[in-house]
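Below: the structure, in structure tokens.
The values are calculated or read from the model by the stated rules, or taken from the named source; none is laboratory data. If you're wondering where the values come from, they're calculated on a predicted model, not measured in any experiment. So basically every Cβ, Gly included, is an ideal-geometry build from the backbone, and we count neighbours across all protein chains shown.
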Amino acid sequence: MPHYHQFYIDGQWVEPGQQRRIEVVNPATEEVFATIAAGDASDVDRAVKVARRAFESYAWTSREKRLELLQTIVDIYKKRTNDLSEAISMEMGAPLAFARERQVPAGLGHLQRSIEVLKNYEFDETINNTVISREPIGVCGLITPWNWPLNQIACKVGPALAAGCTMVLKPSEVAPISALIFAEILHEAGVPAGVFNLVNGDGPTVGHAISSHSDIDMVSFTGSTRAGILVAKDAADTVKRVHQELGGKSPNILLDDADIEAAVAHGARACFANSGQSCNAPTRLLVPFDRQEQAAAVAKRIAEETLVGDPRSDATVIGPVVSHIQFERIQNLIESGIREGATLVTGGPGRPEGFNRGYYVRPTVFSNVRNDMRIAQEEIFGPVLSILPYKDEEEAIRIANDTVYGLSSYVTSADLDRARRVARRIRAGMVHLNGSRGDGAAAFGGYKQSGNGREWGRFGFEEFLETKSMFGYVGS
């Protein structure tokens, strides 16, 4: 790819203001496989200026034009599936099959959903003699993470384009190559100059420049709660809209009538998927005291069946975690679980047997976990499952809610009405009942320190709209 050392600004690939580079490391080998340009505030300012200029015309394009543009993007995106899969596997360590079957389709799904929403969305609503109009909010700063790179880019860029906004994207500098391909796709699709812009760089430099820029109307950030707090502080001085999807520590409550074998197996696989690097992963497994031993045995079996290996091998279930920093953080938290008295069921510190390089982590299960332990409170972002016993339903709900996070949660019961009743008492933005999957048309987002605002479907689309009341608009 010829664009590693360039940014996409005003419909063309341009040289950065300064010749600084960021190394991109393959986490499976610990070797640098690419370098990218590192931007600064001047690059962001250049991108924002052209986005502001482009907004004046793009905001008034017709629904039909936007639908045509989005469909063209979808068609080209499909043709680049192999390129995108290869990039994701190299940059963040996802098994190639997982990248092709899950990571890349996740981004495609959000683009297609943006089309569905735009087709029938009512931008105007009449109340008495007033028309309530929903209009594009303006220039948007988009800051996205490395764990589901295309998913998070597409679920921001898709609705922003559909709404009539212009944007400046800063993808993660850890996993930036798939984003550069995404920019190529938008360029080939004919996105008008200045509507979509990409500036690579790190959070303290480019991220800060975006979130604090006076001519950006909204910043949409996905990442850690720690970084989200900094984004919100940066944005406060200009009173821009801040939309955030942050961390999680999702409880998975198995009620006493649940099928423990099936529910634990399902939950453990979901916890370990993507090497545990999903904000909504069910990392806290809550089971009745008298079922903990059974649950631990099932979780142990699933962990030991989860083959960790080379992302390019068809047999691999999970690859490495994304970076040395992430690897060390996970190791520290695993060791803290042992120190604080949790029972190590399987896994533990260090790489899996047979690996002496690469950021590979052993799928790990702890039982007898208390909710005041670090492994129960902190987002590990690795393949680590904590089993917490409870004495009754009330205690299960209390433990589930005893966290600063509130992104996702899971409830399993043989009695659906009972599961529904418990779900309503969980302080989280999402609840999966009896192993149900997410719904791309629903709202994705959380309570408390898991963020504010929502993504996906109509709910994510409306984050990019401003509301105007025009009084006296109706009548003669």
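So is residue 303 aliphatic (A, V, I, L, M), assigned to a helix (DSSP H, G or I) and farther than 17 Å from residue 249 by Cβ or not? Here the answer is yes, as residue 303 does meet what is asked. Tell me the residue from 287, 321, 298 that is assigned to a strand (DSSP E or B) and either at pLDDT below 95 or not acidic (Asp, Glu) (or both), please. Residue meeting the stated conditions: 287. Comparison of 312, 329, 291 shows that the only residue that is of a type outside the set (A, V, I, L, M), within 16 Å of residue 386 (Cβ to Cβ) and within 24 Å of the chain's Cα centre (by Cα) is 329.
The residue list 281, 258, 265 contains one member that is within 21 Å of residue 323 (Cα to Cα) and in the same structural domain as residue 423 (by TED's automatic domain parsing), which is 281. State whether the residues of segment 120-128 include one that is on the phi < 0 side of the Ramachandran plot and touching a helix residue (DSSP H, G or I) at 6+ places or on another chain (Cβ under 6 Å). Among the residues of segment 120-128, not one is on the phi < 0 side of the Ramachandran plot and touching a helix residue (DSSP H, G or I) at 6+ places or on another chain (Cβ under 6 Å), which makes the answer no.
Every residue, every condition in (1) crowded, with 18+ Cβ neighbours inside 10 Å; (2) within 19 Å of residue 400 (Cβ to Cβ), yes or no:
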{"residue": "411", "(1), (2)": "yes, yes"}
{"residue": "422", "(1), (2)": "yes, yes"}
{"residue": "428", "(1), (2)": "yes, yes"}
{"residue": "432", "(1), (2)": "yes, yes"}
{"residue": "436", "(1), (2)": "no, yes"}
{"residue": "439", "(1), (2)": "no, no"}
{"residue": "442", "(1), (2)": "no, no"}
{"residue": "446", "(1), (2)": "yes, yes"}
{"residue": "450", "(1), (2)": "yes, yes"}
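Matching residues to (1) closer than 30 Å to residue 131 by Cα; (2) out of contact with any helix residue (DSSP H, G or I) (no Cβ under 6 Å at 6 or more places or on another chain):
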site: 361; (1), (2): no, no
site: 368; (1), (2): no, yes
site: 383; (1), (2): no, no
site: 393; (1), (2): no, yes
site: 425; (1), (2): no, no
site: 435; (1), (2): no, no
site: 447; (1), (2): no, yes
site: 459; (1), (2): yes, yes
site: 468; (1), (2): yes, yes
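Just wondering, is there one or more residues in segment 223-233 that are more than 30 Å from residue 284 (Cα to Cα) and surrounded by fewer than 24 Cβ atoms within 10 Å (Cβ to Cβ)? There is at least one residue in segment 223-233 that is more than 30 Å from residue 284 (Cα to Cα) and surrounded by fewer than 24 Cβ atoms within 10 Å (Cβ to Cβ). For segment 350-403, a residue qualifies if it is of a type in the set (Gly, Ala, Ser) and surrounded by fewer than 15 Cβ atoms within 10 Å (Cβ to Cβ), and the qualifying residues are 350, 354. Residues that are farther than 14 Å from residue 217 by Cα and surrounded by fewer than 16 Cβ atoms within 10 Å (Cβ to Cβ) within segment 39-56 comprise just one, 42.
Okay, residues lined up against (1) under 25 Å from residue 269 (Cα atoms); (2) among the hydroxyl-bearing types (Ser, Thr, Tyr):
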{"residue": "389", "(1), (2)": "yes, no"}
{"residue": "393", "(1), (2)": "yes, no"}
{"residue": "402", "(1), (2)": "yes, no"}
{"residue": "406", "(1), (2)": "yes, no"}
{"residue": "418", "(1), (2)": "yes, no"}
{"residue": "425", "(1), (2)": "no, no"}
{"residue": "460", "(1), (2)": "no, no"}
{"residue": "469", "(1), (2)": "no, yes"}
{"residue": "473", "(1), (2)": "no, yes"}
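Scanning segment 423-476 for residues that are among the polar types (S, T, N, Q) and within 24 Å of residue 117 (Cβ to Cβ) turns up 436, 450, 452, 467, 469. Here residue 264 passes the criteria (1) under 19 Å from the mean Cα position of the chain (by Cα); (2) surrounded by 22 or more Cβ atoms within 10 Å (Cβ to Cβ); (3) in a helix (DSSP H, G or I) except the one numbered (1). All told, residue 271 meets the bar of being modelled with pLDDT of 95 or more, under 27 Å from the mean Cα position of the chain (by Cα), assigned to a helix (DSSP H, G or I) and within 30 Å of residue 88 (Cβ to Cβ). Restricting attention to segment 430-468, the residues that are among the aromatic types (Phe, Trp, Tyr) and either in a loop (DSSP other than H, G, I, E, B) or within 27 Å of residue 263 (Cβ to Cβ) (or both) total 4.
Scanning segment 149-188 for residues that are under 22 Å from residue 30 (Cβ atoms) and assigned to a loop (DSSP other than H, G, I, E, B) returns 171, 172, 173, 174, 175, 176.
Is at least one residue of segment 319-328 outside the structural domain of residue 26 (by TED's automatic domain parsing) and under 22 Å from residue 264 (Cβ atoms)?
Looking through segment 319-328, none of the residues is outside the structural domain of residue 26 (by TED's automatic domain parsing) and under 22 Å from residue 264 (Cβ atoms).
Do we find a residue being touching a strand residue (DSSP E or B) at 6+ places or on another chain (Cβ under 8 Å) and either modelled with pLDDT under 95 or of a type in the set (Val, Ile, Thr) (or both) anywhere in segment 177-192? Yes: segment 177-192 contains one or more residues that are touching a strand residue (DSSP E or B) at 6+ places or on another chain (Cβ under 8 Å) and either modelled with pLDDT under 95 or of a type in the set (Val, Ile, Thr) (or both). With respect to (1) over 15 Å from residue 428 (Cα atoms); (2) surrounded by 23 or more Cβ atoms within 10 Å (Cβ to Cβ); (3) not hydrophobic (A, V, I, L, M, F, W, C), the lone exception for residue 406 is condition (1). Name every residue in segment 113-129 that is surrounded by fewer than 14 Cβ atoms within 10 Å (Cβ to Cβ) and β-branched (Val, Ile, Thr), in order of residue number. Result: 126, 127.
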